[in-house]
Amino acid sequence: MENKEVAQATEPKTDKSLADKAIDFQGKKYVLVADRIKYFNDTYKNGCIQTKIVKDEGNIIQFQAIVVPDVKDGNRAYTGHAEEIRGVGFVNKTSAVENAETSAIGRALAMMGIGVIDSVASMDEINIAKGKEVKLAQINTEVKVDKPTQDFDI
């Protein structure tokens with residue numbers, strides 16, 4: 001077998017974008033993280049997904065996920081990170097840890113090209129970003145800073 005044939009034999013035979021699994025979300029095609037994980041596990045039999053908490057302080061939780069397609073070749077690894085704020089958004093009221101871990105895995109798989117059609121950003125990321133904007137807007141309206149009525153020379 002030539003090198004080209006070997007490479008073709010080791011590459012997945014199905015479309016990594018998983019376009020057939022995509023759902024419409026705010027006018028874009030999006031592949032659920034669950035479908036990405038299933039594709040990875042079915043296609044990369046010798047691969048692994050590792051996660052760890054990077055930061056867990058107060059309301060903030062950060063995760064890192066590392067996806068290795070073949071544990072025999074640890075030089076090929078894809079990383080994803082995610083941060084969630086406990087209590088912000090519907091899901092994060094009860095499941096911020098799980099949400100951060102899932103988002104990090106989704107990003108790592110996207111870095112590998114799995115489930116990417118329109119964007120690397122996950123559906124949860126888009127929703128959470130909107131929730132964070134609302135929360136920041138609420139905080140900004142609650143905190144009022146009075147401007148000095150006169151200029152001061154320093």
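Each reported figure results from applying straightforward, stated rules to the coordinates on display, with no laboratory input. As the structure is a prediction and not an experimental result, all values here were calculated from the model. Cβ coordinates were reconstructed from backbone atoms using ideal geometry, including for glycine residues, and neighbour counts include every protein chain displayed.
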For this session: Past 29 Å, Cα to Cα, is the threshold; run Lys29/Lys72; Lys28/Lys93; Lys16/Lys72; Lys16/Lys93; Lys52/Lys72 against it and keep the listed order.
Result: Lys29/Lys72; Lys16/Lys93
Exercise. Could you give the nm distance between label points at Lys28 and Ser95, where each point is 7 Å from its Cα heading toward the beta carbon?
Worked result: 2.2
Exercise. What is the fewest-to-most order of Asp42, Asp56, Asp35 by other Cβ atoms lying within 10 Å of their Cβ?
Worked result: Asp42, Asp56, Asp35
For this session: Could you compute the FRET efficiency for His81 and Asp15, with r as their C-beta to C-beta distance and R0 at 22 Å, rounded to 0.05?
Result: 0.25
